[in-house]
Each structure stands twice: as C-alpha cells, then as structure tokens.
Amino acid sequence: MAADCGANCARWLLCLANFIFICVSTGVLIVGTWLAADKASFINLTLNITTSKYSPASPFVSEDAEKILKEFVEPAVIEQAAYILIAAGAFILVISFLGYCGAIKESRVLLTAYGIFLIIIFALQVALILLCTLYKSQADHHSKGFLKSTLSKYYTTGDNKDAVTLSWDLIMAQMSCCGVDGYEDFRTARLFVDKSSAEGLGRQVPESCCILTGDPLLSKPADPSCIISPTQSNSYLSTGCYDKFSFMVTENLNLVIGVVVVVAATQLLAIIFSFCLCRAVGQERDYHYKY
C-alpha cells in the first residue's frame, strides 16, 4: 500500500470518483439492456407508474404531461435510445472500472491503461476544438450538412414519431427556430413531405416551427393556420436553429469557456492522479524489493 500521503489522497479520490461513475454507468447499461431486450414491458411500466390513478405520481401528472410522455415512450424512440444508452454505459463502465480497480488494487498496469485512455480522450477533445476553431467555415459546412441529412432522411410528422423527429421538435420548440437554416429545409425531408401529402392539409412546416402557446413540448401553435401558411408573425420560418444556437453560444461564451475549463481540469487531475499513484506504487515496490 502506498505510504505517501499525497499518493493515498490520489488513490481514494480516484476510487470515490470512479465508483460513482461505475454505479451510474451500470444503471444506464441495465436500463439500456432492458429497453433493447423487452421495450414493451418498459413502456407498460412507465405508463402504469405515471398515469395510473393509483400511482403516487399520478397527482403530479397532468393530461398534457401524459401526452408528452406517451410520445417519448413510442417503440421507435425507445429502440433508438436503448442502443445509445448501452454504448454510453459500456464505454463509461470500462474506463471507470480500470480506474477503480487500478486504484484499489494499486495495479500499475490498470492505472497506466486508465491514464492512457484519459489522455486519448483528452487529446481527441483538444483536437476537435482546434479543428473547429481553425477550420470554422468547413466545420460549419459539415455540421449543417449532417443536421440537414437527419431532417431529410428521418424527420416525419403525425403519429409514431422516432427519436430524431422528437429531438428536432424539442429543439425547435425550446429554441424558437425552424429547421437548420429555415423552413425550406422541410421541402427536402422525404418522410415529412410524404406524410404531409397523405394528410391533405397542405402542410408546409411542423407545429414546432410555429409560435406556440402553452407548454412548448406539446407543440400547440398559437395560430392554427401556421402549419399551412407560415409567416413572420405566426412562426419562426426564417430563423434557422444552427444560427440561433451559434448566437446563444456567443452570448454565453463565458459560461461555455467555464464548462470546458472545468471538464478539462477534471480530466487532467484524473490523469495526474493515476500516474502519480502508479509512480508511488512502483517506488514502494522497489523499496521493499531492495530491503
């Protein structure tokens, strides 16, 4: 056991932090696996817990909240969310397991692997920030292209919305924007165009592009004719979400920089602690070997 006070502090801080991450990632992995294996039982349980009149949560669930919940537990949304949860949970669990076991067992191999993984993650983050800064125009072009492809390939309307559609609706409703660059993005959204044609309403934009009334999650337009005849007065047809997000980042640049600094400092501390503990363990073993 490392006798140095600093090494002991590093050891127990690594143990505590990684134990918390192990617990959280295990929970995420269990939920994701459950959703992938038997999403029907999850949907039924969620709806029963929140909407049953005998449920302790039922007094706090309004009719509007119930509608929102039923949209988010659609099978298509659950299935897509399951794989994201499994991937994220497994990745965090593996990294945290290396850090926890390496610290608790004082294993130089596990601590070194943990530190190297964190260095790779940190380097990728730094590289991404530098590339986005140095090649901002190209980064903007590729980012917009990716976002528009999600609209053109997956965005739809009506019942049985998938995770991509619900995510876009949530973003547009909360940020008061429409599409990536504006309402014209929906003219190339194949599923949206097909569903709109089948409706026979002459729909031009989804409800989330309109100026809404009530809870934004319900996507209830203040002007019912907005989806057919969007104008500057009843919708956000010319306000693209990409430019709106860029403006919000610029307006809150100090907060963004603060978050980046905190995340980077936490990762650097974890890297330093892991290698300091690894060095202390090596020195102690060398000492015992000699004497």
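A compact table of results
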{"read-out": "Long-range amide H partners of Glu106 with built H, under 5 Å", "value": "none"}
{"read-out": "Karplus (6.51, -1.76, 1.60) ³J(HN,Hα), θ = phi - 60°, over the stretch 143-159, in Hz, Gly and Pro reported as x", "value": "5, 5, x, 5, 5, 5, 5, 5, 5, 5, 8, 10, 5, 9, 9, x, 7"}
{"read-out": "Cα-Cα over 28 Å, subset of Lys136/Lys244; Lys136/Lys195; Lys136/Lys220", "value": "Lys136/Lys195; Lys136/Lys220"}
{"read-out": "Derived scalar couplings ³J(HN,Hα) [the stretch 204-216; Karplus, 6.51 cos²θ - 1.76 cosθ + 1.60; whole Hz; x for Gly, Pro]", "value": "10, 9, x, 4, 5, 7, 8, 6, 9, 10, x, 5, x"}
{"read-out": "Amide H within-cut-off set for Leu212, under 5 Å, with H built and near neighbours excluded", "value": "Ala222"}
{"read-out": "Per residue accessible area in Å² of the stretch 146-291, where ligands, DNA and RNA are left out and the probe is 1.4 Å", "value": "57 Å²"}
{"read-out": "Carbon and sulfur %, accessible surface of the stretch 168-266 computed with the full protein complex present, 1.4 Å", "value": "62 percent"}
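The values are calculated or read from the model by the stated rules, or taken from the named source; none is laboratory data. Everything numeric in this text was worked out from a predicted model, so none of it was measured. Accessible surface areas use protein heavy atoms only, side chains included; no ligands, DNA or RNA. Shrake-Rupley method; radii C 1.70, N 1.55, O 1.52, S 1.80 Å.
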